[in-house]
Structure formats: C-alpha cells, structure tokens
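Some notes on the structure that comes next.
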Amino acid sequence: MLVVGAGPAGLTAATYLARFLRSVVVADGGDARASWIPLSHNMPGFPAGITGDAILSRMREQATEYGAIIELGRVEPLETMDGGFRGTLNGRTVRTRMVLLATGVVDHHPDLPGVERAVERALVRICPICDGYEATGKAVAVIGDSDMGVREAAFLRTYSDRVTLLHVGPSGALTERAALDRLGIELVETPIETVRLEGDRVTALCWNGSFRAFDLVYSALGTSANATLARDLGAQLAEDGRLEVDLHQRTSIPGLYAAGDVVRGLNQIAVATAEAAVAATDIHNALRRAEGLTV
C-alpha cells in the first residue's frame, strides 16, 4: 500500500494498515500543515493542549511501531496500471494495488514580513474552529479578501464583540457588508503593509501610517488543495478544488482513496483521522475480497 502524505490522516491510515498486516509505505512530502500548530486545545484527549509537532511525532512513532515505512520524498508522478498504480518516489518505481492520498491543503498566508513568526507564536491564526475559544473577550482582527472574511468574522462574534475585518481585496469582492453592520463588526478596507509584534500582541499597519493593536489576528484568505496527483488521474473535484469522495473515502478513480484536508469538508485533525480510519478499513476489506478471504 502507498500512502501519500504524512500528516494526521496519512499517519493514521498507516497505523491501521500496518495493524491489518499490510505492507505500507508513507511518502512524506515534509512540512505537514499540523506542524504549524503552536498549541492545540481542540485535540481530543489532551486537555492541557498539545503542539502540532508533538502530535505528528507520536503518530509517526505509532505507525512505525507496527512496521509502516515512512520515507521523506514526493510521489511524482502517479499513474494507473493494470491491477493498480505506479508512482515514482525518490527515483524508484513503487507499484501498489491501492493508493490513499492524504496530501492536505496549502494555506494562503498574508504576504507580510514576519507573518510566519506570528503564526508560530499563535498571534496570527488560521482556524477559528480550532481555537476561536481562545479569542473570548479579546480584540480580534480578521484579514480577508472576499466574503470568506465576513463569514469568519461573523463566526468569531460568538466569542468577542471586538471583531474587526481588515479587507485587503478589491471592494467589489465584498458583497455581505450588511451582515457586518448587523453584527457590529468594524470594517477597514485597506492594504496592510506589515505586521508588528509587541510582546503578546499584534499591531498591523493599516492606514495613514497608524498602527492598530489586536490580541489575535485570523487569516481568512483560504487554501489551495494539494490535489495535483488525483487531478492528473482524472479524479472528480469539488468546486473548491478538493476531492470528492464517497462514504468509504473512495474517489471517482477505482482504488484511489483520499482523507484529510484534501477532501471536501471540515479541516480538523479529528475529522482527518476518522476519514483515514474509514479509508484504511475499506482498503483492507477490498483487498481481502480480492484475495478470496471473505465469506
């Protein structure tokens, strides 16, 4: 079995498949999105919180304990062949009957100096579902370039009545202005030139050279799915570029599965691991049927 991607979804699938006594290779493209998590209080079973690196380290250890092989490298390209697929990994051909894609998405961070450091310190955040609770009662800014920013700002009004939308896109891209007025969300339409970090606060340059201070800044600039391998095979994609799958995580290409953020749905670790468990179990059962091991 070939698993492409070594984030929470890919590593969960690897653990399940290895415990099903399947030979499994995980292609680790590096820089998993989960590694950006400074401290998650949204991960089931860790009430004191856990870092993204710690989550990945524990999951890698668990997968390799049962024999999964995790190899740094990217699969390029992936092709169909009689009886399955073949992919190129670090210059060699890998042949497999089935493939699980857990390739995730890429966040569109604000193009600002210092933004990576701000994300690492949890001062600029990308997931209000994960950590909106930590915004309770705080001064919050949302950076957006479309109505997605309006929706994220509205979501954060659950936690604070001090929410500001910093709209950096064209004025015409903002069509839900009435919702901002109704919810008491301040709107600032201006390019942002830099992010200034001062202690545990963020100050963002807004207009006329003046700085506005916020406790937290959320980026609502969207993501792009890492779905090139599936797209090149002709797999069905949703409007946002992510993969369409059925209830067993099967794509429209026979033998090709997908789980995690690359699949249309909720970008959450708990969801990704659940999808991976479903996919791995269906893969194992499908192989059992092919091997004549079912009744």
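Read-outs throughout are calculated quantities, based only on the coordinates presented, and are distinct from any laboratory measurement. Bear in mind the structure is a predicted one, so any value in this text is a computation, not a measurement. All Cβ positions, even for glycine, are placed from backbone atoms using ideal geometry, and neighbour counts span all protein chains on display.
Here is how the numbers come out for the structure above:
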| item | result |
| --- | --- |
| Values of log10 I(q)/I(0), in the order q = 0.17, 0.27 Å⁻¹, for region 219-279 under a Debye, Cα-only, solvent-free model | -0.52, -1.19 |
| Ranked list, fewest to most other Cβ atoms within 10 Å of each Cβ, for Asp111, Asp82, Asp282 | Asp82, Asp111, Asp282 |
| Relative contact order [Cα under 8 Å, 6+ residues apart], the chain, whole percent | 20 percent |
| Antiparallel content of DSSP bridges confined to the chain, in %, to 5 | 45 percent |
| For region 16-24, 3J(HN,Hα) per residue [Karplus equation, 6.51 cos²θ - 1.76 cosθ + 1.60, θ = phi - 60°, Hz, x = Gly/Pro] | 4, 5, 5, 6, 7, 6, 9, 6, 9 |
| Shape box of region 1-112 [Cα atoms, principal axes, largest first, Å] | 48, 39, 18 |
| Counted charge near Ala6, where neighbours are those whose Cβ lies closer than 14 Å (Asp, Glu -1; Lys, Arg +1) | -2 |
| Shape category assigned to the chain from the gyration tensor of Cα positions, a/c cut at 1.5 | prolate |
| Relative contact order for region 127-280, counting Cα pairs under 8 Å that sit 6 or more residues apart, in percent | 17 percent |
| Convex hull volume per residue in cubic angstrom - Cα atoms of region 109-220 | 90 Å³ |
| Counted charge near Val168, where neighbours are those whose Cβ lies closer than 9 Å (Asp, Glu -1; Lys, Arg +1) | -2 |
| Contact order relative to length of region 33-73, as percent, for alpha carbon pairs under 8 angstrom and 6 or more apart | 31 percent |
| Local electrostatic count at Arg60 - Lys and Arg +1, Asp and Glu -1, tallied over other residues with Cβ under 13 Å | -4 |
| Cβ-derived FRET efficiency at R0 22 Å, Asp53 paired with Ser23, nearest 0.05 | 0.20 |
| Förster-model FRET efficiency, 22 Å R0, Tyr133 and Arg201, C-beta, rounded to 0.05 | 0.70 |
| Antiparallel %, DSSP beta bridges [both residues in region 109-220], to 5 | 35 percent |
